1. From the list V76, V21, which residue is in a strand (DSSP E or B) and either aliphatic (A, V, I, L, M) or under 30 Å from N119 (Cα atoms) (or both)?
2. Look at region 15-56 and say how many of its residues are touching a Leu at 6+ places or on another chain (Cβ under 8 Å), farther than 21 Å from V76 by Cβ and at pLDDT below 95.
3. Suppose we filter region 77-99 for residues that are in contact with a helix residue (DSSP H, G or I) (Cβ under 6 Å, 6 or more places away or on another chain) and buried (at least 21 other Cβ atoms within 10 Å of the Cβ); how many remain?
4. Can you tell me which residues in region 50-76 are surrounded by 15 or more Cβ atoms within 10 Å (Cβ to Cβ) and out of contact with any His (no Cβ under 8 Å at 6 or more places or on another chain)?
Amino acid sequence: MQIIVNVSPQWGIGKEKALLVHIHADMRRFKALTTNNTIICGRKTLESFPNSSPLPNRTNIVLTHDRSFDANGSTVCHNLSELTSAIAGKDPDSVFVCGGEQIYRLLLPYCSKALVTQNDSDSPADRFFPNLNLLPNWTLTHVGEIMEEGPVRFRYLEYENNAVIGL
């Protein structure tokens, strides 16, 4: 599995159920990487998608403790065992974890790669992604050039997990 995330300099990812910044180029990249693949997200992240609906042209898996939750068009899993069954047989490079904070933290040890968009926003956050620079098993393997979209500067980073745990 891979993680895909957009972070601020303090590794913030959101505030009040919304992204800190909307970078159209990053949204296009997300779509290009995840289309015809599998995404895993939590219930709150799914509810933040347009119309609170699964993203089109992807297998959407929602990981939630809420046993009454039904996401029409998504596979709903309630624990790691169910998630393991849902992704069995899939190419791990075609499975993307895309939030939110609890799902990122839960699945980070199982991911081989993190595709990070690092933005320069100073917007305050109430949701955070773990700082991969401080985690011993994660190595920065690629630093992209700095780009700009409107007032926001950003770049793409890639990290690899040197101690992936199998699901």
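The values are calculated or read from the model by the stated rules, or taken from the named source; none is laboratory data. These numbers come from a predicted model, not from an experiment. Heads up, the Cβs are rebuilt from the backbone with ideal geometry, glycines too, and the neighbour counts pull from every protein chain shown.
1. Values: V21 fails: in a strand (DSSP E or B).
The match here is V76.
2. Qualifying residue count, region 15-56: 0.
3. Just the residues of region 77-99 that are in contact with a helix residue (DSSP H, G or I) (Cβ under 6 Å, 6 or more places away or on another chain), to begin with: 77, 95-97, 99.
Right, trim to buried (at least 21 other Cβ atoms within 10 Å of the Cβ) and you get 95-97, 99.
The qualifying residues number 4.
4. Kept after step one, since they are surrounded by 15 or more Cβ atoms within 10 Å (Cβ to Cβ), are these residues of region 50-76: 54-55, 58-64, 71, 74-76.
If the condition is that a residue be surrounded by 15 or more Cβ atoms within 10 Å (Cβ to Cβ) and out of contact with any His (no Cβ under 8 Å at 6 or more places or on another chain), then P54, L55, R58, T59, N60, I61, V62, A71, S74, T75, V76 are the ones that fit.
A quick yes/no check of all residues on (1) small (G, A, S); (2) over 17 Å from V7 (Cβ atoms); (3) not in a strand (DSSP E or B):
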{"residue": "L107", "(1), (2), (3)": "no, no, yes"}
{"residue": "A114", "(1), (2), (3)": "yes, no, no"}
{"residue": "Q118", "(1), (2), (3)": "no, no, no"}
{"residue": "S123", "(1), (2), (3)": "yes, no, yes"}
{"residue": "H142", "(1), (2), (3)": "no, no, no"}
{"residue": "L157", "(1), (2), (3)": "no, no, no"}
{"residue": "I165", "(1), (2), (3)": "no, yes, yes"}
